[in-house]
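Down below is the structure, laid out as structure tokens.
The values are calculated or read from the model by the stated rules, or taken from the named source; none is laboratory data. Values in this document were obtained by computation on a predicted structure and should not be read as measured data. Heads up, the Cβs are rebuilt from the backbone with ideal geometry, glycines too, and the neighbour counts pull from every protein chain shown.
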Amino acid sequence: MQADGSRTQKRRKDRPLEGVRVVDFTWVRAGPWAARWLATLGAEVIKVEWPENMDMLRQNRFTVPPGVEPGPNSTGQFADTNAGKLGLSINVRHPKGLESIKNLIAVSDVVIENFSSRIMTRWGLGYDELRKLRPDVVYVSMAGFGQTGRQHYFGTMGPAAQALSGLTHQSGLPGQQPAGWGWSYLDDTGGMYGAMCTLTALRHRNQTGQGQHVDLSQMITGITLTGSAFLDKSINGRESRREGYPPGNRTVWPGAPVVHNYRGPIAAPHNAFRTLQTHDGGYNDWCVIACLSDEEWTRLVGLMGEPDWAKDIRYATLDGRLEHQNEMDQGIEQWTKTLGKYDLADKCQATGVRAMPVQSSEDRVENDPQLRHRGMFSKVKHPMLGDWKFQGAPFRLDGAKVAVKGPPPMIGEHTTKIMGDLLGVGSDELLQGYKEGVYWPETTPRFPYVQQAIDEEAKK
């Protein structure tokens, strides 16, 4: 939906997607993450849920902050993934609920979902059905395997799709079995791709007046992260898992022929070095240093105070430093252990040596001066979590506001507002819908804010 006149121009300058409405059927991470970025860009995103089958992230009790009562409205992971959205509780399997959802879609610009391929069609909400309601609707499907092919109906999660994409195969230490990943990168990458595809389809609609069905495969987005390994196989016929690869933090692992490493002999030193231990016993006290030339190595030697070991002829050339990395790294670490990781990185950068501290999540949120300067985290007040820092956009737009719009929705928090103010549903009809289990399950206790909204409608 678009506003009129000068108000449109002002709003669009403030928030790029102001006036765009998104009906968000997604859950867990990849899909909600895509919709979250649309909200950050200014879109009105309405998250559709049902308390009896709520978003799985609402059930992640491990992300409930200390001192906060566990529940579906207090999980930190759900909060960050869904910041800035509105919450609609509705039973799409109830005839009245399905009718209401279709009415909502008819006045919206985007529908986004990340179920396996058959689910939305089974509900009567497939693309062919919805474009009858709104011919120019942008319909974004983010199934794990896409909408076509022999595996299109398979259900999956980020880590599983990651394995099939080839990413898991490339992880782990030299000579060890694949170790998997500590985080599902396909969820975040898939979400960013989903947002990008949505913006592309919106531009196409605005230029042609035609809607789009965006068919995105979460698994295939993972292949875009395996570029070097994919190229190595297609061009050189080599597998990425072989002796000496992956090389850990180094460009070449000692003892492994250079031919076995597609990055080649480009840097030495190139490693993560221990630094001065701090409050956590040194667990996160590391700094990465990389020298790509003899000149950079000379600068590092000078910074270390020109110790005798570093003047050894063995370290005078890149080939020599690569051959004797173990001894060289031990010598460097004797120096790095005397400095804090941030101080060390600053000293190296000031002399033209590439170095960066290894940061924990706490470091990034609380201590990183660059992220603080860039406004990466915004403090937003949440009814359950209190003042909470949500991550903002990693980019800026000149003259436009790109920031978290507000807290995530509590489940069903904005149902009466959306149905009443947006769709014109009267109070009597709303109250009847609650009685019939259209807007809240009959067998599920209502949260206080839900009951309060019902009571306010009853007074009208």
Just give me the residues in the stretch 200-225 being part of a helix (DSSP H, G or I) and touching a residue at least 24 places away in the same chain (Cβ under 8 Å), in sequence order. A201, L202, R205, Q218, M219, I220, T221, G222, I223
T156 passes all but one of the listed conditions (1) out of contact with any Gly (no Cβ under 8 Å at 6 or more places or on another chain); (2) in contact (Cβ under 8 Å) with a residue 60 or more places away in the chain; (3) not small (G, A, S); the exception is number (1)
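Out of everything in the stretch 193-219 that is of a type in the set (A, V, I, L, M, F, W, C) and buried (at least 16 other Cβ atoms within 10 Å of the Cβ), what residue ends up being nearest to the chain's Cα centre (by Cα)?
A195
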Examine the stretch 112-119 for a residue that is over 22 Å from C197 (Cα atoms) and modelled with pLDDT of 85 or more, and state whether such a residue exists. no
All positions within the stretch 226-260 that are over 29 Å from the mean Cα position of the chain (by Cα) and modelled with pLDDT under 75: R242, E243, G244, V252, W253, P254, G255, A256, P257, V258, V259, H260
Could you list all residues from the stretch 11-46 that are under 14 Å from G191 (Cβ atoms) and not in a helix (DSSP H, G or I)? V22, D24, T26, W27, V28, R29, L41, V45
If the requirement is being in contact (Cβ under 8 Å) with a residue 12 or more places away in the chain and touching a helix residue (DSSP H, G or I) at 6+ places or on another chain (Cβ under 8 Å), which of these qualifies: W297, W335? W297
Could you tell me whether any residue of the stretch 122-140 is modelled with pLDDT of 80 or more, in contact with a Lys or Arg (Cβ under 8 Å, 6 or more places away or on another chain) and of a type in the set (D, E)? yes
Candidate set: the stretch 151-192, residues that are closer than 27 Å to R118 by Cβ and of a type in the set (A, V, I, L, M); chosen: the one surrounded by the most Cβ atoms within 10 Å (Cβ to Cβ): L186
